[in-house]
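Below you'll find the structure, written out as C-alpha cells, and then a few comments.
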Amino acid sequence: MPHRNAPLTELGRLRLARCVVDDGWPLRPAADRFQVSVSTAQRWARRYRQLGAAGMVDRSSRPRTSPGRTPTRTERRIIKVRVLRRWGPARIAYLLGLNPATVHRVLRRYGLARLTHLDRATAQPIRRYERDAPGDLIHVDIKKLGNIPDGGGHRVHGRQIGGRNSQRTATATRSAYRNPLLGYGFLHNAIDDHSRLAYTEILPDETKETAAAFWQRAQTFFHTNGITVKRVLTDNGSCYRSRLWRDTLAAADITHKRTRPYRPQTNGKVERFNRTLLDEWAYARPYRSETERRQALPQWLHTYNHHRGHTALKGLPPASRVPNLTGQNT
C-alpha cells in the first residue's frame, strides 16, 4: 500500500504507464502531467512493458542479500541464553561479545517477550485479566511501613543523623504499644479489580481482629459508592486464614479466594497499588513526622480515586468507572 504522501497510487501508475507506452507520450510531458520526476515515469513505464498491470504494485524494499545479518548460529546462541538464563540484551551481548542493539533486534525478530512480561518463577507470559464490573473482585493486602520519628528520618537529615534518630530502642519498642506513631504502621489496602477504586487505612497491627474490622469498613465504603462486593482475593497471611475472617466474609455472602503460595503476582493489582502508594505518598517528600505523613494520606487517596490518570484505564481515574462515587466533582 502506498504511503500517505505518495504522488501515485497503483491506478495512477497504470495511467501514467499507458500514456507513455500505449499512447506514445514522451517521458517529460507525461511526468509533468502526473507531477512526478522523469525517472519515476521511466520506472513505471519500464515495469508496464515487462509485467503489464501486475507490475504496478509495490515491491518489498528488503535487499536480496544481507551479508551483514547476524549468522543463524549466533541467533540460536542468543535465544538459548535468553531462555535458560532469562537475561536482557545487555547481559547477553556482554557474554557473547555482541552489540546490545543486535541482541535486541534478534529477540524482537523471534517474538520473545520482554522479561517484565514473564513470570519469574516459570518464565511463562503473565496473563492479564480484568473483571467485567465493579465489585466482582476486590484485592486486599497489608503493607508494613516504618514510622517516621519526630524531627524526620534519613530523608530529612541524611543517613548518619537520620539513622540514629530512627533507631528503635527497647524503651521505644515497649512504648509502641501505647503510642501508635512509634515502630511500624500497617497499611491495610483494598482495591477494586475493575475500576481500581482504592480504600486504605493505617492500622497498628495485622491481627485477625484488625483485618476483619478493616474489611467491614472497606465494604461499607464500596457499598456507599454503589459497589456490591462478590469476591475478595487475599494472600495466605495468618489473618486471612483465620475463622474470624472467613465468618466475616460469609456473613456478607462474599466469596473468599486466596492466591497460590509464593505467587504474589496473582494479587498483582493491589501489589502495584502498594508501590504507587509508597512512591507518590509515603516517600514522595521528606516528612518531618509520622503525623505529618498520615495527615497527607486522605488527600492523596482522594486524588488517586478521583483525579489521577491510570494507565490501565487509558489515562482516566478510577472514578470514571464508578458513576456513583461520592465527591466526584471535588
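The values are calculated or read from the model by the stated rules, or taken from the named source; none is laboratory data. Remember, predicted model here, so these are calculated numbers, not experimental data. Here the Cβ is made from the backbone with ideal geometry for all residues, glycine too, and neighbour counts use every protein chain on show.
Mind checking whether some residue in region 225-238 is in contact with a Phe, Trp or Tyr (Cβ under 7 Å, 6 or more places away or on another chain) and of a type in the set (A, V, I, L, M)? Spell out the reasoning first.
Taking region 225-238 as the starting set, the residues that turn out to be in contact with a Phe, Trp or Tyr (Cβ under 7 Å, 6 or more places away or on another chain) are 229, 234.
From the residues that got through so far, the ones that are of a type in the set (A, V, I, L, M) too are 229.
Yes: one or more hits.
Would you check if there is a residue in region 42-52 being surrounded by 11 or more Cβ atoms within 10 Å (Cβ to Cβ), of a type in the set (D, E, K, R) and in contact (Cβ under 8 Å) with a residue 24 or more places away in the chain? Outline the logic, then answer.
Just the residues of region 42-52 that are surrounded by 11 or more Cβ atoms within 10 Å (Cβ to Cβ), to begin with: 42-49, 51-52.
Next, from what is left, pick out any that are of a type in the set (D, E, K, R): 43, 46-47, 49.
After this cut, where a residue has to be in contact (Cβ under 8 Å) with a residue 24 or more places away in the chain as well, the list is 47, 49.
Within region 42-52 (the criterion being surrounded by 11 or more Cβ atoms within 10 Å (Cβ to Cβ), of a type in the set (D, E, K, R) and in contact (Cβ under 8 Å) with a residue 24 or more places away in the chain), the answer is yes, since at least one residue qualifies.
Pairs only if they're at least six apart or on different chains, beta carbon under 7 angstrom, first in region 294-316 and over 21 Å from Leu203 (Cα atoms) and assigned by TED's automatic domain parsing to the domain that holds Ile191, second among the basic types (Lys, Arg) and assigned to a helix (DSSP H, G or I); list them, first residue then second.
The qualifying pairs are Leu313/Arg321.
Could you tell me which of the residues Tyr262, Tyr283, Tyr287 is touching a residue at least 60 places away in the same chain (Cβ under 8 Å), exposed (fewer than 14 other Cβ atoms within 10 Å of the Cβ) and more than 26 Å from Glu130 (Cβ to Cβ)? Write out each step before concluding.
On the way: Tyr262 fails: more than 26 Å from Glu130 (Cβ to Cβ); Tyr287 fails: exposed (fewer than 14 other Cβ atoms within 10 Å of the Cβ).
Testing whether each residue is touching a residue at least 60 places away in the same chain (Cβ under 8 Å), exposed (fewer than 14 other Cβ atoms within 10 Å of the Cβ) and more than 26 Å from Glu130 (Cβ to Cβ) leaves just Tyr283.
Exactly one condition in (1) among the hydrophobic types (A, V, I, L, M, F, W, C); (2) in contact with a Cys (Cβ under 6 Å, 6 or more places away or on another chain); (3) loosely packed, with under 12 Cβ neighbours inside 10 Å is not met by Ala30; state its number.
(3)
Report whether or not Gly185 is farther than 28 Å from Asp247 by Cα and either surrounded by 16 or more Cβ atoms within 10 Å (Cβ to Cβ) or modelled with pLDDT of 95 or more (or both).
Details: farther than 28 Å from Asp247 by Cα: no; either surrounded by 16 or more Cβ atoms within 10 Å (Cβ to Cβ) or modelled with pLDDT of 95 or more (or both): yes.
So Gly185 does not fit the description; no.
Can you pull out every residue in region 49-97 that is of a type in the set (S, T, N, Q) and either within 30 Å of Gly24 (Cβ to Cβ) or in contact with a Pro (Cβ under 7 Å, 6 or more places away or on another chain) (or both)?
Initially, region 49-97 is screened for residues of a type in the set (S, T, N, Q), giving 50, 60-61, 65-66, 70, 72, 74.
Once the filter is applied, which keeps residues that are of a type in the set (S, T, N, Q) and either within 30 Å of Gly24 (Cβ to Cβ) or in contact with a Pro (Cβ under 7 Å, 6 or more places away or on another chain) (or both), region 49-97 yields only Gln50.
Listed residues Arg114, Arg86; which is touching a strand residue (DSSP E or B) at 6+ places or on another chain (Cβ under 9 Å) and either closer than 30 Å to Arg263 by Cβ or hydroxyl-bearing (Ser, Thr, Tyr) (or both)?
Numbers: Arg114 fails: touching a strand residue (DSSP E or B) at 6+ places or on another chain (Cβ under 9 Å).
Criteria check complete, one pass: Arg86.
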